[in-house]
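Colleague: For reference, the structure I am asking about is given below.
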Amino acid sequence: MEPSGSASPPEPVLPPRRRFRIPVVFRLFLIVLLIIGALSVRTISRRQRAIDRFIEIDSSTRLSKVPLELAGVPLGSYSTLPAELNLAFSQRVSAEDLGLVQDLPELTSLVLQDTATYDSGLEALQGATQLTSLNLQSTRITDAGLRHLNVLTRLQGLSLNQTTVTDAGVRSLATCTQLEILGLGHTAVGDPGVAALQSLTRLRKLDLNETAITDAALRQFHNYPQLDTLGLRNTAITDAGISDLLDCRLLDWIDVRGTKITAAGLEQLARLPALVYIDCRDTLVTDADARRVREDHPQLRVVSTPVED
């Protein structure tokens, strides 16, 4: 029997428990993964919201290359995302809606023809710098709105046909040096506007039908060596201006209907090596003139106004 009051034996001393520590580098890696995941979810959500809104605007909205989302497949499993959004003739498109375009980074083509798009809509598109094609034909934009397009430096195609833009607004396009297709038909653009576009040396197709240009505008065309399609219908062009087109050696299609050219101008155009089509109806070119040019240049289709017997 142990004597009362005797001390109890000391507790055994255990080695300190080692705490498992995640290396700092690994912890940082996990944080980065979490951030990326959160951003991805947010991006997918914004894309889905944008697509849903555009379909809500008009059930006939055309989203090319998106067969899966129209079938209700979750966005994360799309095999392709929209390359073109066609909202033509829809009257429900607002500036706020156009601000959603920047949430579809794969979207490169936007058609707003005959929509109620105002200058505020173009301002909302400033974030959509991925766009390469923009159709604004018959919209309600003005010169003030065009200044918002100078940030869309990837644009290769732009239609401003049948809008109220003038020379003052067109000057804003000088920074869009990637433009290859430009529609200015049925606008108030004249010689100063064309002169302001000298930097657009990549132009291949240019629509100046029903504009206020004269022969002076054609003096700039040596800046467009890649031009293959040109519309000059119902302008004040004469034979004097045609000689300035001879530097456009890739030009294969031209519309001079309703201009003041004569047989002499037609003969000059026929000298262009790549030309295969001329529309010279309602000009001073007679049917006999056209027939003679066709005989001398069998590869060339000349459309003229037949003479009534």
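Colleague: Against the definition (modelled with pLDDT under 95 and not charged (D, E, K, R)), how does residue 130 come out, yes or no?
Modeller: yes
Colleague: Every residue in the range 296-309 that is surrounded by fewer than 16 Cβ atoms within 10 Å (Cβ to Cβ) and assigned to a loop (DSSP other than H, G, I, E, B), please.
Modeller: Answer for the range 296-309, where residues must be surrounded by fewer than 16 Cβ atoms within 10 Å (Cβ to Cβ) and assigned to a loop (DSSP other than H, G, I, E, B): 298, 299, 305, 306, 307, 308, 309.
Colleague: Could you check the range 226-243 and list, in sequence order, the residues that are of a type in the set (Val, Ile, Thr) and under 27 Å from residue 156 (Cβ atoms)?
Modeller: Selection gives 229, 235, 237.
Colleague: Here's a follow-up. At pLDDT 95 or above, more than 23 Å from residue 192 (Cα to Cα) and crowded, with 19+ Cβ neighbours inside 10 Å: is that true of residue 248 in this structure?
Modeller: Criteria not met by residue 248.
Colleague: Here is a list: 107, 98. Which entry is in contact with a Leu (Cβ under 6 Å, 6 or more places away or on another chain) and under 12 Å from residue 133 (Cβ atoms)?
Modeller: Step by step, each of 107, 98 is checked, and only 107 is in contact with a Leu (Cβ under 6 Å, 6 or more places away or on another chain) and under 12 Å from residue 133 (Cβ atoms).
Colleague: Restricting to the range 270-294, give me the number of residues that are surrounded by 23 or more Cβ atoms within 10 Å (Cβ to Cβ) and within 33 Å of the chain's Cα centre (by Cα).
Modeller: 3
Colleague: Still on this structure, please answer the following. I need a count of the residues in the range 188-198 that are surrounded by 20 or more Cβ atoms within 10 Å (Cβ to Cβ) and either of a type in the set (Gly, Ala, Ser) or touching an Asp or Glu at 6+ places or on another chain (Cβ under 7 Å) (or both).
Modeller: Of the residues in that region, 3 qualify.
Colleague: Would you pick out the residues in the range 167-187 that are in a loop (DSSP other than H, G, I, E, B), buried (at least 18 other Cβ atoms within 10 Å of the Cβ) and in contact with a Ser or Thr (Cβ under 9 Å, 6 or more places away or on another chain)?
Modeller: 176, 184, 185, 186, 187
Colleague: State which residue pairs qualify: first residue on the phi > 0 side of the Ramachandran plot and inside the range 273-301, second residue surrounded by 14 or more Cβ atoms within 10 Å (Cβ to Cβ) and not in a loop (DSSP other than H, G, I, E, B) in any location, beta carbons under 7 Å apart, and separation of 6 or more residues or different chains.
Modeller: none
The values are calculated or read from the model by the stated rules, or taken from the named source; none is laboratory data. Being a predicted model, the structure only gives us computed values, none of them experimental. Every residue, glycine among them, receives a Cβ derived from its backbone with ideal geometry; neighbour counts consider all protein chains shown.
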